[in-house]
1. Which condition number does residue 114 fail, the rest of (1) under 30 Å from residue 180 (Cβ atoms); (2) touching a residue at least 40 places away in the same chain (Cβ under 8 Å); (3) surrounded by fewer than 22 Cβ atoms within 10 Å (Cβ to Cβ) being met?
2. Determine, yes or no, whether residue 148 is within 16 Å of ligand 1 (Cβ to nearest atom), part of a helix (DSSP H, G or I), without any contact (Cβ under 8 Å) to a residue 24 or more places away in the chain and under 24 Å from the mean Cα position of the chain (by Cα).
3. When the residues of region 86-132 are filtered to those that are in a helix (DSSP H, G or I) and under 30 Å from residue 200 (Cα atoms), which remaining residue is farthest from ligand 2 (Cβ to nearest atom)?
4. Looking at 201, 215, can you tell me which residue is crowded, with 21+ Cβ neighbours inside 10 Å, within 15 Å of the chain's Cα centre (by Cα) and either among the basic types (Lys, Arg) or within 27 Å of residue 163 (Cβ to Cβ) (or both)?
5. Yes or no: region 298-311 includes at least one residue that is in contact with a Lys or Arg (Cβ under 7 Å, 6 or more places away or on another chain) and within 16 Å of ligand 2 (Cβ to nearest atom).
6. When you look at residue 303, is it in a strand (DSSP E or B), β-branched (Val, Ile, Thr) and touching a residue at least 12 places away in the same chain (Cβ under 8 Å), yes or no?
7. Residues 3, 60: which one is closer than 14 Å to residue 243 by Cβ and more than 20 Å from the chain's Cα centre (by Cα)?
8. For region 366-398, how many residues are more than 15 Å from ligand 2 (Cβ to nearest atom) and under 18 Å from residue 278 (Cβ atoms)?
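The values are calculated or read from the model by the stated rules, or taken from the named source; none is laboratory data. In this text the structure is predicted, and so the values were computed from the model without any measurement. Using ideal geometry, Cβ is built from the backbone for each residue, glycine included, and neighbour counts are taken over all protein chains shown.
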Amino acid sequence: MSEYHSMWSELGLDLDRHDGLLAAVGPAYESVFLSQPDRPKAMEYFDFVVGEVHGLRIQELVEHRRKGGIVVGAFCVFAPEDLILAVGGVPVGLCAGADFAIPDAEQFLPRNTCALIKAALGFKLAAVCPYFECCDLVVGETTCDGKKKMYEILADHHPSYVMEVPQRKTDQGRALFLEEVRQFGSRLEELSGGRIEAEHLRHAIEVVHAKKRALQRVARARRARPSPISGLDALLVSQVSFYDDYPRFTEKTDALAQEIEARVAAGQGVAPADAPRVVIAGTPAAFPYWKVTQLLTDAGAVVVGEESCVGSRYYDTMTRANDGTRDGQLEAIASRLLDTHCACFTPNEDRTEDIIRVVRETQADGVVQSVLQFCQTYATESYLVERALEEAGIPSIEIETDYSTEDTERLRTRIEAFVEMLRQ
Ligand code: SF4
Ligand code: SF4
């Protein structure tokens, strides 16, 4: 990757620390992913993307900007990716999933802040994320208190924009968010010098839909018994979806879906048909955070779904049919975004119903609620989720963890015991 040093330097990265980051992620990826038996051949593309995650893809973004295009980073699926695409921009997901730069963030944030918030700010402060440095604008949202305060600090370091997300899906909440979507569109027009026309939105919605349909296809094939793809590989595909070029990602994910559909037809799986099947529900697992999926896999379970924003909470939300006008489409986009069952909403029964739907569809035997430590919304909601799962006769456990490896062995013991219980 040394061939990219001059590009990283021009982006303002701290090259020594950045080399340290790559040196940590590379071997971890090899031991977790490349060592898996019976991987679909189509996963080679995703391995290549990870191998080039700070190389070729960044080169593409730099080239896009050189031609006058904009790059917009987001921390949450509430950022309307279709609007960014509609002005010819490139949306990228920025939520870092590693604890590499957390000490940098802790100079500004309380230690009892969730790892995702600390990593998001830390990667900027440590100058180790080339995606961040490619962003003309980063867009945040008011989904939780820690995040919204972090954005105030981030604004001192990077051009930023914050969208207000309502806490209730009432008529007033919907009207507020629609106005937020409109205003964000105006900001994008100002930044890009373009205008969001109805046909741009139609095309952008279709591009996003194609990507989500490909992800849904993989999710459907994954439901087979035995499952044709490991939970780790399926999670990786979702993680890559936030970085990669949309049409290319769609094509490669469709190719993967086709291959694993053929595996299903041939009865070929990555684990025995009677392996315990688990859905992970909770806070999103941003790249390169695989801890819980890895522990479940090590314990002999198959992860068959993620009820998370790096999972079904993202790819299952589609923009509803509308009148095709600019206003009609903006309204449909805002409404789709509010269909994301984030724990920021109150009440949020839609989410518990959705978790049960995912469990039924995937024929899962149990649920692991995976919550990042210090995430008040998901941690508190976990009680209501557990109660609903219990009423539905679905076994579950809740684990609170972070990006470090300190608790790995303690979690391993709990997860092994849970998987063993599911076997009986
Ligand atoms: S869990 Fe909530 S805050 Fe986090 S990415 Fe999803 S919608 Fe956004
Ligand atoms: S995991 Fe929880 S605390 Fe952390 S950013 Fe997401 S909603 Fe906020």
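1. (3)
2. Values: within 16 Å of ligand 1 (Cβ to nearest atom): yes; part of a helix (DSSP H, G or I): yes; without any contact (Cβ under 8 Å) to a residue 24 or more places away in the chain: yes; under 24 Å from the mean Cα position of the chain (by Cα): yes.
Criteria met by residue 148.
3. Going through region 86-132, the residues in a helix (DSSP H, G or I) turn out to be 86, 102-105, 115-125, 130-132.
Now drop any that are not under 30 Å from residue 200 (Cα atoms), which leaves 86, 130-132.
On the way: 86: 27, 130: 22, 131: 18, 132: 16 Å.
Among those residues, the one meeting the criterion is 86.
4. Values: 201 fails: within 15 Å of the chain's Cα centre (by Cα).
The match here is 215.
5. yes
6. Answer is yes for this residue.
7. Answer to the selection: 60.
8. The number of residues fulfilling the criteria is 13.
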